[in-house]
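Below is one structure; the comments refer to it alone.
The values are calculated or read from the model by the stated rules, or taken from the named source; none is laboratory data. Being a predicted model, the structure only gives us computed values, none of them experimental. Using ideal geometry, Cβ is built from the backbone for each residue, glycine included, and neighbour counts are taken over all protein chains shown.
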Amino acid sequence: MKKSEKKELAHLAVKRLKELYPQAECALEYGGDPWKLLVMGRLSAQCTDARVNIVCRELFEKFPSAFDMAEGDISEIERIVKPCGLFRMKADNIKEASKMLISDFGGRVPDTMEDLLKLPGVGRKIANLLLGDIYGKPSIVCDTHCIRICGRLGLYPESLKDPIKIERILKELIPPDEGSDFCHRIVIFGREICSARAPKCHSCPLYDICGRGKSKK
Ligand code: SF4
């Protein structure tokens with residue numbers, strides 16, 4: 001498929017998902033607080049958003065700000081975030097990232113990829129989430145749903161799983177001001193319709209434009 005055709009396909013997918021899910025909300029309930037989104041983004045690695053939302057009710061009650069987290073007792077933080085898995089590393093990351101926010105960024109979550117990547121535990125996925133959701137900057141959050149579904153659609157080979165390469169490809173295909181919302185919508189779409197194990201191709205609104213869907217005709 002030519003690049004122009006891929007672009008057309010990507011624009012159509014953006015349009016159809018927008019019609020299907022007019023609201024494009026982040027599944028993490030961070031209440032508009034950038035620091036909370038940073039913490040929740042870190043906890044969500046290899047964990048469901050639903051579990052992170054539950055765990056964070058207690059976490060943010062005990063540690064309601066970056067200042068509280070930076071001074072928090074690490075064993076208490078570990079205890080609370082344990083249900084999210086990888087709890088020692090995640091607890092250490094959110095405490096150290098909170099400390100760095102205060103020491104290096106005046107307590108404010110930075111608004112550039114370069115600075116965000118300096119924070120312990122913050123990779124491109126979380127950085128893109130923050131840039132898109134908090135600062136309204138062009139961003140592509142390459143999570144497991146995005147990687148799987150855009151590959152199935154035919155925007156790149158399905159065998160490609162490298163999030164950095166995929167982010168670069170999608171940035172060229174998806175309108176910059178749509179990327180962040182598209183990624184939120186694709187998470188819901190991935191849960192409801194295009195799941196990893198049992199995609200519902202025959203009732204899918206992208207069936208006629210999807211490479212995988214067409215191959216099932
Ligand atoms: S047609 Fe099937 S593989 Fe393609 S997006 Fe829809 S559910 Fe996913």
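Sub-6 Å Cβ pairs linking a first residue in the stretch 132-146 that is farther than 15 Å from Ile166 by Cβ to a second residue that is assigned to a loop (DSSP other than H, G, I, E, B) and at pLDDT 95 or above, at least 6 apart or interchain, are Gly132/Ser139; Tyr135/Asp111, ordered by first then second residue.
Out of all the residues in the stretch 131-144, which are surrounded by 21 or more Cβ atoms within 10 Å (Cβ to Cβ) and either within 14 Å of the ligand (Cβ to nearest atom) or of a type in the set (A, V, I, L, M, F, W, C) (or both)?
Leu131, Ile140, Val141, Cys142
Go through the stretch 1-55 and count every residue that is among the hydrophobic types (A, V, I, L, M, F, W, C) and assigned to a loop (DSSP other than H, G, I, E, B). Reasoning before the result, please.
Let us first name the residues in the stretch 1-55 that are among the hydrophobic types (A, V, I, L, M, F, W, C), namely 1, 9-10, 12-14, 17, 20, 24, 26-28, 35, 37-40, 43, 45, 47, 50, 52, 54-55.
Cutting the leftovers down to assigned to a loop (DSSP other than H, G, I, E, B) gives us 1, 24, 26-28, 45, 47.
Final tally of qualifying residues: 7.
All of (1) within 16 Å of the ligand (Cβ to nearest atom); (2) touching a residue at least 12 places away in the same chain (Cβ under 8 Å) hold for Ala198 with one exception: (2). Look at Ala91 and say whether it is in contact with a Leu (Cβ under 7 Å, 6 or more places away or on another chain) and crowded, with 21+ Cβ neighbours inside 10 Å. When the stated conditions are applied, Ala91 does not pass them. Ala97 fulfils the conditions (1) without any contact (Cβ under 8 Å) to a residue 40 or more places away in the chain; (2) part of a helix (DSSP H, G or I) except for a single criterion, (1). Scanning the stretch 35-52 for residues that are modelled with pLDDT of 95 or more and touching a Lys or Arg at 6+ places or on another chain (Cβ under 8 Å) turns up Gly41, Arg42, Leu43. Filter the stretch 56-76 for residues that are part of a helix (DSSP H, G or I) and either outside the structural domain of Val122 (by TED's automatic domain parsing) or more than 16 Å from Trp35 (Cα to Cα) (or both) and give the result. Across the stretch 56-76, the qualifying residues are Ile74, Ser75, Glu76.
Is it the case that Gly151 is at pLDDT below 95 and within 16 Å of the ligand (Cβ to nearest atom)? So Gly151 fails the test. Take Ser180 and decide whether it is away from the ligand (no atom under 16 Å from the Cβ) and polar (S, T, N, Q). Against the criterion (away from the ligand (no atom under 16 Å from the Cβ) and polar (S, T, N, Q)), Ser180 qualifies.
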